[in-house]
Structures are given as C-alpha cells and as structure tokens.
1. According to a simple spin-label model (label point 7 Å from Cα along Cα-to-Cβ), what is the distance in nm between Ser235 and Glu110?
2. Would you list, by chain and number, the lysines whose Cα falls below 28 Å from the Cα of Lys41, excluding same-chain residues fewer than 8 positions away?
3. Could you please tell me the mean projected area of the C-alpha convex hull for the range 469-532, averaged over all directions and given in square nanometres to one decimal?
4. Obtain the radius of gyration and the Kirkwood radius of the range 224-284 from its C-alpha atoms and give Rg over Rh.
5. Taking the Cα-to-Cβ direction at Leu192 and at Gln169 and moving 7 Å from each Cα, how far apart do the two end points lie in nm?
6. Efficiency by 1/(1 + (r/R0)^6): what FRET value for Glu247 and Arg347, r their Cβ-Cβ distance, R0 = 41 Å, to the nearest 0.05?
7. Lys493: which lysines have alpha carbons under 22 Å from its alpha carbon, excluding same-chain residues fewer than 8 sequence positions away?
8. How far apart, in nanometres, would the label points at Tyr290 and Arg506 be if each is projected 7 angstrom from Cα along the Cα-to-Cβ direction?
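Nothing in this text is a laboratory measurement; each read-out follows from the coordinates by a stated rule. These numbers come from a predicted model, not from an experiment. Because the Cβ atoms are built from the backbone with ideal geometry, glycine has one as well, and the counts that use them run over all protein chains shown.
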Amino acid sequence: MAFLSWRFPALVLLIAAIVVVPFLYAQRSVNASAAAGDLVKHTLRVEAAAQRMVAASRDFESAALTALMGATTPVIEKRLATGRPRAEAALDELEGLTRDNPKQQVRIGELRTMLRQRFDAVERLRAAPPGARSTLLAQLVARFPVLDMAQGIIEEEERNLVAREAREQVIVARADRIAWLAMLAQLLLLGLLAAALAKMTRQRGDAEQGVRRADQRARQILDTVREPIAVIDRSLRVVQHNAAFAELYGFDAGAGGARLADAGDGAWSNEETLRRIGDVALRGRELWDYEQRQRTADGVERTMLINAARMSIDDADTADAEGLVLLTASDVSAQKASEREIRELNRQLEGKVEQVSDVNRELEAFSYSVSHDLRAPLRHIAGFADKLRRHLGERMDDKSEHYLSVIGTSAKRMSQLIDDLLVYSRLGRSGLRLQPVDFQTVVADKRALLDANAEQEYPGHRIEWRIAPLPVVVGDENMLRQVWLNLLGNAVKYSSKSEPAQIEVRYLREADGTHRFEVADNGVGFDMNYAGKLFGVFQRLHGASEFEGTGIGLASVRRVLARHGGRIWAESEPGRGARFFFTLPPSTDAPLSPEFSA
C-alpha cells in the first residue's frame, strides 16, 4: 500500500515525462522541419515567379525588336500580344508570394512601376521614326534595369533561405540531442522498471510463501481445535472442515463439496436444523447455542450445541463467497449430565436442608429445655445441699462435709457447663452484627478483667503482659470479645503455675492482606500429638482437678472465627508454654485509628 500511495503515481509521471515530452519536442521539430521545407519551396517559387516575369518581359521586348526589323509573323504577333500580360501575371504571383516580407513588397512595387514604364517605352520605340529608335533603345536599357531589380528580389529570398536552413539545422540538431537523451532516459527507466519488477516479483513470491505458511498454520490450528468446525456454502455443502469434524461425524478428510445432510450418517439430516443453517447462509441471520441430539460416527448419542454465523471472505474456489457460513458444534453431553446431577444434588440438598432445619428446631427446643428445665433441678440440688449442711450443723462429720461439697461443686460445674453450651449454641445461630471493632481496646478491657480475677483466684501471683499495637477490624464485637476472653483467659489459667506468668499478644499483616494474631504464654503447654482435640466440644488435655474448665471455650473460638472467614491453630511443647494463632481475612479491614496508623 505504501508503494501504491506515492511511488506508483511518481512512476507514471516519470514515464510521461520521459516519453511524452520527447515526443512533443520531436513533433515540434518535425513541424519546424516541415515549415522550413515549406519556406524552401516558397523561396523557389519566388525565384521561379521572378524568372518568369523576367523571361516574359524579355520575350515581349525581343518580339518588339524583331517586329521593328520588319520580321512580322504570327508567332511574333502572339509574343507581342501575350508577353506583357504574362509578365504582369508573374509579377502578381510574386507579389502574392512575398506578402509576409514588407521589404520584398517594396521592391516588387518598384519593379511593377519600372516594368510598366519599360513596356510603355517599348511601345513608344515601335511607334518612333527609324532615326530615333537607337536613342530610345539606349534609354530603355539604361533607365529601366528590370533584370537587376528581379535579381535583387531573388537574392533577398536566397538570404532568407540560408537563414531558414540554418534555423532548421539548429532545430534538427536539438531534436537529435533530445532524442538521444530520451533514449538514454528510457533505457534507464526500463532498467528501473526491470529492477522494480524483479523486486515486486520477489516480494510477491515472499508474500505468496507467507500466505501459504499462514494458511498451513491456520489449517494446523483449525485441526488442533477439538471442537468440530466446518465452513458451509449457500447450498449447504461442506467447503472446509477440521479434523475434529471429520472424526466426530465420520466425514472423509477430502470430501470437500459434499452435502452437510450426508455427514455423520444422518446426524445433520434434521430438517429444522438445516432450515436454520440455510437462513444463516441466505438471509444473514445468526444461530447461537442451538441444542440438538445427534448420533455421531462412534454410535454415541450426544447433545450438541450448534452455532453458525455468515462470514465474508475472498475465496476464488467458491462461487458465492458472501454466502459462506462458519459452523461450530460443541459437545455438551457431559455438561448436561452434570446439570442433571447438580439438579439431583440440589434436590437432595433441599432435603438435607429440611433435615437440618428440623435438627435446628430440635436444638432450639433442647436449648430452651436446657436453659429452663435443667436449671431448676440444679438449683434444687444446690439449695437442698446447702439446707442439709445447715440442718446437720455441728453433727456433720468430715465424710458428710465431703459429700455435700462434691454435690455443690458438681451442681455449680453443671450450671457453668449449661451456660457455656448455650453460649456455643448462640454463636452458631445468631446473625453477625458487623461494625468496626478496636482490638486494642477489647484486649485492654479483657486484660483488666483477668487481672482482677487473678488477684482473687491466685493471690500473690504476678502476670507480665506484652501487647503489640492492634488494628481495627470489622466484625461482630460481642463474638470477637468472646474470642479474646477465651484465649487470654486460657493463657492466664494455664500459666498460673509459672512465676511470673508471661503473656504476649503479637500482630502481623501478611502479604495478601490477612490479619494474623498470636497469643503466647509460658504455662504448662500441651503435647502436639493431641492438638486435634483442642478445638472440639468437651475436649480437654488437662484434668478438671488440675485446671478448671468445661472444654467449650476453644470450640466457641473456632466457631466465631469460622463465621468471620478466619481460622485458628496452636503450637506448644509440654512445660514450655503454648502459642495460639488465629487469622481474619482482608475483607474485615477497617480504617485504622490514628494511634495505630504508625
């Protein structure tokens, strides 16, 4: 295209300049030469006319002199009668030939006057007496030199002829030079054209080779695609297809031009499908995701998704390239089977949901029963044990005191267990109330609460706290407070036998934006072989006589973090403390408070 944009017009102009300009100049030279030839002829005619005029005047004069000598014949009479008119006619012709030369016109006018005077003198000579004739004859020759004047006219024309011939020679020489230059330029142009043609031939060869390579690549790509693809013409004949089409429908690889209805042993014989594809070819419509059941060459009945759209390509092998249709067929049998399976699973899931709903309702009923029906017997047990202690008074021995203490402690433990179960149940059923939660404030509050409880439960016990700056996150504040209360409470409880207890809270923002928290202590620790039991309900790694607890706290922590999209795990060694890690996803981000922005 760049070549055609400016080089081709420039080449046309160059050819015109080299061919047309010399031709025009040669034509001009030819015309100039013809004009010069005409001028030469004109000069010769002028000379001939002047010679005729002189000859006619001399013929008249000689006839007159002959008649004066007494030789009167019919020839002499004829010469006397026609001589003067012939001379004047020649003079008129001479005047007409020299109209473009004012100088010659003047001479001819003088010659005409002199010629008339000379003819008049000859007439007087014939009428004069014999004695005076010699004198008149001498005057005639001396006073009227017609021959000299005619010779002057002829010489003027010859001088013009020499100038014209010189000018013609200059034009001819210039034309020759231009002809040679034009020939050299044309030879150079032919050389350039030959070089350009050779280059264009190479470029065309390279382009054709590139097109062949591109066509081969396109065919290879087309055959690599595992989706059946075919090109159909207006008469619904297969113009081109890929290997997947031939394999799926048992179509011969070289069966170009075969009818689509014959492909695949009737797979494409459906009248509705053929009509729709025909509408695409003839009316320019489009066919998208048309579903049809087909039996392919391997005998398997498949669900095919057919797409067709008209394409416009320059195909010399096809009579009507504008009516070509690109046809694709996608096997969605597996997808349909998956959809059926998904529908079946959804149906089963709906049943499971109903079952879960029933279980939830039963759990709610159980929670109600636990919170109301079980608390009353526990209060009765604790109350009557206390009454029995007061009733026995001083009569109560050590064994009775022990029995009553066990009854009271068990009732209290059972009440605490019921409370923890209710909390665990509410954590799984209640909706999340999302709001910004300042973990720094939450941890400070729980630390103050735990310090106050530790002073009562572990008098003289010292706790060293190291708390890193913590972020503000979005979540359910009550649930997240329960997380920190359980983790920090466990750290205080299980480090109560270490003096001083060292509890550390760390925070790290990971590369993917995840919030990672750590609660570490220097307490009794646990065996990692039993780490899987930590977060289960009623699972304890230490005896109730050694450390109090119901075994529900860490299970509640895991449930809260799971509902917030996080997770929890632990690392420990017996006697070397424990480290609990938990994460919250980046979706819980909230603007940091100014005191934590650093």
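1. For Glu110 paired with Ser235, the spin-label model returns 9.9 nm.
2. The qualifying lysines are Lys103.
3. Seen from a random direction, the Cα hull of the range 469-532 projects 5.9 nm² on average.
4. Rounded to two decimals, Rg over Rh is 0.95.
5. Those two pseudo-labels are separated by 3.7 nm.
6. Given R0 = 41 Å and the Cβ-Cβ separation, E is 0.65.
7. Excluding near neighbours in sequence, the set is Lys412, Lys446, Lys533.
8. Simple spin-label model gives 6.7 nm for this pair.
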